[in-house]
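Student: There's a structure below that I have some questions on.
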């Protein structure tokens, strides 16, 4: 089935925006602080070119099927790496994870694939083909994993009283908006039994991602604002002061 004009426009706009975001990350040297996210965006550019070329040459045949699902597997791995990168930026202090943060984060994170797999296998999407149905299940699995991981980051950071670095939290909000919209759409696939709405729902997620991409361009283009000291760091400084007073004013090594 040939691509519609709307599909081609969304594909073109998405490619241009992703390329612009990659340019911002490289030109403003943000890739040093978010290398996995930069790799994820760079792969998004290459994936768009690969899938579009494969679709135009072979159509929805075996070659496109292999390229699509191979790219989806790499995309999932990179998104998980991005969330872990955000977790490290939030939970690390002076090169080491805050006590209790790693265990609490991974305890919640281990539930992500189990919950996602249950939801993906039990859904019955209203799709025109088997490929579209498995695509909907894969999207729900992916977005559920990322949603649970994002929830683990926010929950543990609040439990431990950790402040979020300004640029990281702004980036995280964009990621949460995108994954929640995709999760909501994936849920509708399971319960909204109108086949004619399948393409519209998928296009809606694409539009949200494109808006988030523009938002990320602004976030990474602007300079890092002044960082406020978070409660954990303040408490740690206070504990160091107490130790110095206890040692008679001598600085601790």
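Bear in mind that the values in this text are calculations on the coordinates, not laboratory data. Bear in mind that the values here come from a model prediction, so they are computed numbers and not experimental data. With ideal geometry, Cβ positions are generated from the backbone for all residues, glycine too; neighbour counts draw on all protein chains shown.
Student: Counting other C-beta atoms within 10 Å, which of 10, 149 has the fewest, and how do the rest follow?
Tutor: 10, 149
Student: Can you give me the relative contact order of the stretch 1-74 as a percent, contacts being Cα pairs under 8 Å and 6 or more apart?
Tutor: RCO, the stretch 1-74: 29 percent.
Student: Which of 146, 49, 176 comes first, and how do the rest follow, when ranked by fewest Cβ neighbours within 10 Å?
Tutor: Fewest to most other Cβ atoms nearby, the residues stand as 49, 176, 146.
Student: Then there's this: What order do you get for 6, 98 when you list them from fewest to most C-beta neighbours inside 10 Å?
Tutor: Lowest to highest Cβ neighbour count: 6, 98.
Student: Pairs of Cα atoms under 8 Å, at least six residues apart: use those to get the relative contact order of the stretch 1-143, whole percent.
Tutor: 17 percent
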